[in-house]
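Heads up, the thing below is written out as structure tokens.
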Amino acid sequence: MHNHAAVGEPYMTKMNIVLFGPPGAGKGTQSKFLMEQYGLGHLSTGDLLRAEIQAETPLGLQAQELMSAGELVPDEVVVGMIRNRLTDNPAAKGFIFDGFPRTRAQAEALDAMLDKLGTGIRLMLALEVEEEELVKRLLGRGATSGRPDDRSEEVVRKRIREYEQKTAPLKDYYQAQGKLRPIHGMGSIAEITARLTAAIEG
Ligand code: AMP
């Protein structure tokens with residue numbers, strides 16, 4: 001009875017979400033809430049890279065220079081890190097991808113990896129925040145976060161340029177699949193959480 005991928009049967013039993021937006025949009029903050037609310041695992045390539053730097057691995061040493069200049073690390077590096085973790089945490093109801101994908105090659109690799117696992121991306125929630133607010137938030141965070149790339153206005157603005165040039169076009173990629181949900185990212189943390197929840201449940 002279930003031998004053809006029957007129409008109406010859920011293709012995606014996992015709720016995989018790309019939490020998207022420029023640096024400082026609130027992806028990390030909102031991820032914490034979404035993990036708890038929906039029982040999702042969290043995959044942040046920025047966090048994974050910082051752990052590699054902390055552990056002084058060859059990969060970390062390679063990435064550090066690019067990260068401190070506000071540039072993207074190579075696609076193979078982040079795709080490899082994600083690939084190694086997609087089969088972790090099988091009990092999770094899905095993953096929140098935070099800061100990944102950042103290029104079209106990464107988005108295509110992610111689709112291929114998930115497809116092999118019989119799943120896919122359900123939604124891209126794209127937080128939208130004005131540039132001057134991003135700069136203010138990132139430099140404010142830099143005062144306490146210990147992240148060197150949050151301390152210099154030049155590096156912060158470079159990261160925003162990288163986002164606009166290489167990453168923002170991914171909205172078209174997900175839009176073409178009917179998965180893009182733009183989310184107004186200004187306001188209180190709770191207000192933004194409510195908008196994300198409405199988009200997930202809507
Ligand atoms: P984030 O913590 O997401 O702001 O990432 C911090 C830095 O890590 C970025 O500025 C990039 O240098 C690097 N990085 C994180 N994720 C990626 C990715 N998916 N592709 C390329 N570089 C990344």
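The values are calculated or read from the model by the stated rules, or taken from the named source; none is laboratory data. Everything quoted here is computed from the prediction, not taken from an experiment. No Cβ is skipped: glycine too gets one built from the backbone with ideal geometry, and neighbour counts run over all protein chains shown.
How many residues does segment 177-195 contain that are surrounded by fewer than 14 Cβ atoms within 10 Å (Cβ to Cβ) and either aromatic (Phe, Trp, Tyr) or over 15 Å from Val18 (Cα atoms) (or both)?
The total comes to 8.
Of the residues Thr144, Thr119, which single one is of a type in the set (S, T, N, Q), away from the ligand (no atom under 11 Å from the Cβ) and under 21 Å from Phe33 (Cβ atoms)?
Thr144
Report the residue count in segment 11-53 for those that are free of Cβ contacts under 8 Å to residues at least 40 places away in the same chain and of a type in the set (A, V, I, L, M).
Result for segment 11-53: 4.
Would you check if Arg159 is at pLDDT below 95 and either within 14 Å of the ligand (Cβ to nearest atom) or part of a helix (DSSP H, G or I) (or both)?
For Arg159, the condition - at pLDDT below 95 and either within 14 Å of the ligand (Cβ to nearest atom) or part of a helix (DSSP H, G or I) (or both) - is not met.
List the residue pairs whose Cβ atoms are under 9 Å apart, where the first residue sits in segment 119-136 and is closer than 13 Å to Arg157 by Cβ, the second is surrounded by 15 or more Cβ atoms within 10 Å (Cβ to Cβ) and among the aliphatic types (A, V, I, L, M), and the two are 6 or more positions apart or on different chains.
Glu131/Ile160; Leu134/Ala25; Leu134/Val156; Leu134/Ile160; Val135/Val156; Val135/Ile160
For segment 57-115, how many residues are assigned to a loop (DSSP other than H, G, I, E, B), at negative phi and modelled with pLDDT of 95 or more?
Qualifying residue count for the region: 10.
Looking only at segment 88-105, decide whether some residue is among the hydrophobic types (A, V, I, L, M, F, W, C), over 28 Å from Pro182 (Cβ atoms) and buried (at least 17 other Cβ atoms within 10 Å of the Cβ).
No, that holds for no residue.
Counting only residues that are more than 21 Å from Glu130 (Cβ to Cβ) and touching a residue at least 60 places away in the same chain (Cβ under 8 Å), how many does segment 148-178 have?
Residues meeting the conditions: 3.
List every residue pair whose Cβ atoms lie under 6 Å apart, where the two residues are 6 or more positions apart in sequence or sit on different chains, the first residue falls within segment 55-66 and is polar (S, T, N, Q), and the second residue, located anywhere, is surrounded by 10 or more Cβ atoms within 10 Å (Cβ to Cβ).
The qualifying pairs are Gln64/Ile53.
Being more than 13 Å from the chain's Cα centre (by Cα), farther than 20 Å from Asp150 by Cβ and within 10 Å of the ligand (Cβ to nearest atom) narrows it down to one residue among Asp111, Asp75, Asp88; which is it?
Checking each option against the conditions leaves just Asp75.
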